[in-house]
Amino acid sequence: MDLEEFNSTPADRLRPALAACCDVPEWVDGILAKRPYGDLAALTAVADQSLRELDDDEVDRALQAHPRIGDRPQGATTEASWSRNEQSGVGADPGARRELAEGNRQYEERFGRVFLICATGLSAQDMLTSLRERLRHDDVTEAKVVHEELRKIALLRLAKVVDA
């Protein structure tokens, strides 16, 4: 949809598309409340600032909508389709998939949440390298990285919603 349609679509019809970008109701409500947007840059700026202001509980909630890196999301939902596309760099190599599965297990054991990375444009090796590096982070550093990765993903997805 273009920006004009984004501005005029009833909130109840637009809400699922925004939740597919970042499944935090307060974030979705904030984006909807500030309509109409004069241009895409204004929408992106509001979305970006709102994402930067998410608290830890909101980030944790948003993470629940993200599959593990290397898993093949099933279904026809917008989120599943986007995740399959975003993770296309994982490829079909069974060795890389095993390494990612093991890395995911270690990450979840270490941090208690799914490993999140903005995978668009990354190869399986890029993702593995990042995963290994991030396993060495302390909790505070890693929480900041996760928040930033979530922000990048949400903004990329928002650009798919509003493809002016």
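The values are calculated or read from the model by the stated rules, or taken from the named source; none is laboratory data. The structure displayed is predicted, hence computed values, not measured ones. All Cβ positions, even for glycine, are placed from backbone atoms using ideal geometry, and neighbour counts span all protein chains on display. Note: accessible area is taken over every heavy atom of the protein model, side chains too, but ligands, DNA and RNA are not part of it. Shrake-Rupley method; radii C 1.70, N 1.55, O 1.52, S 1.80 Å.
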Give the peptides 112-125, 36-49 in descending order of average Cβ contacts within 10 Å, highest first. 112-125, 36-49
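Could you state the per residue volume, in Å³, of the convex hull enclosing the Cα atoms of the chain?
Details: hull volume 17.6 nm³, N = 164.
In the chain, the Cα hull volume divided by residue count equals 107 Å³.
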Linear extension gain, GLU26 paired with GLN49, 0.36 nm per residue minus alpha-carbon span: 7.0 nm
Give the accessible surface of the chain per residue, rounded to a whole number of Å², with probe radius 1.4 Å and ligands, DNA and RNA excluded. 52
Surface share of carbon and sulfur [accessible, 1.4 angstrom probe, percent] for the chain: 49
For segment 94-164, what does the alpha-carbon gyration tensor say about shape, rounded, prolate or oblate, given a ≥ b ≥ c as the root eigenvalues, a/c under 1.5 as rounded, and a/b over b/c as prolate? oblate
If the chain between ALA11 and ASP60 were fully stretched, how many nm would it gain, using 0.36 nm times the residue separation less the Cα-Cα distance? 15.2 nm
Before rounding to the nearest 500, sum -39500 (n - 2.57) across all DSSP H runs of length at least 4 in the chain and divide by the residue total; then give [θ] at 222 nm in deg cm²/dmol. -20500 deg cm²/dmol
